[in-house]
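First up is the structure itself, then whatever we jot down about it.
The values are calculated or read from the model by the stated rules, or taken from the named source; none is laboratory data. This one's a predicted model, so the numbers in the text were calculated from it and none came from an experiment. Here Cβ is always computed from backbone atoms with ideal geometry, including for glycine, and neighbour counts include all displayed protein chains. The accessibility values were calculated without ligands, DNA or RNA, using every heavy atom of the protein model including side chains. Shrake-Rupley method; radii C 1.70, N 1.55, O 1.52, S 1.80 Å.
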Amino acid sequence: QVQLVESGGGLVQPGGSLRLSCAASGRFISQYTKGWYRQAPGKQRELVAVITPGGSTNYADSVKGRFTISRDVANSTVYLQMNSLKPDDTAVYYCKFNLFATIVWGQGTQVTVSS
């Protein structure tokens, strides 16, 4: 059973940066596609970024050029580096690991961008 633990959220001023981490434990971690999603109040959860086992990445248009998804050498921790943050980036951010029909979500971490 894969378990995920997120960290790194918080309050930041517009234009600032944060890095989120999602550490995984369990079997076959390296084979999972790993992603970050976010959900703002009153809105649906949306994809932010994803990284495949082969290292390919994809981003939502709203974060391209500002956010970077990456993983550690062991391919068990996924990161989301967020730069040039905007108030519209305020949301609860969730990591998600999936392998075929197996989907695991992190507990979520709040990111608030405000002056």
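A few remarks follow.
- Of the Cα atoms belonging to region 50-93, the radius of gyration and Dmax stand at 11.4, 33 Å.
- Accessible-area composition of region 38-95, carbon plus sulfur, in percent [1.4 Å probe]: 47
- Rounded D (µm²/s) - region 1-61, Kirkwood Rh over Cα pairs, Stokes-Einstein at 37 °C, 0.692 mPa s: 242
- Computed from point charges on the beta carbon alone (+1 for Lys and Arg, -1 for Asp and Glu), the dipole magnitude for the chain about its Cα centre is near 100 Debye.
- Probe 1.4 Å, protein heavy atoms only - accessible area per residue of region 59-115 in square angstrom: 50
- Full-stretch length increase - ALA60, SER25 - with 0.36 nm per residue and alpha-carbon distance subtracted: 9.9 nm
- Compactness index (Cα Rg / 2.2 N^0.38 Å), the chain: 1.00
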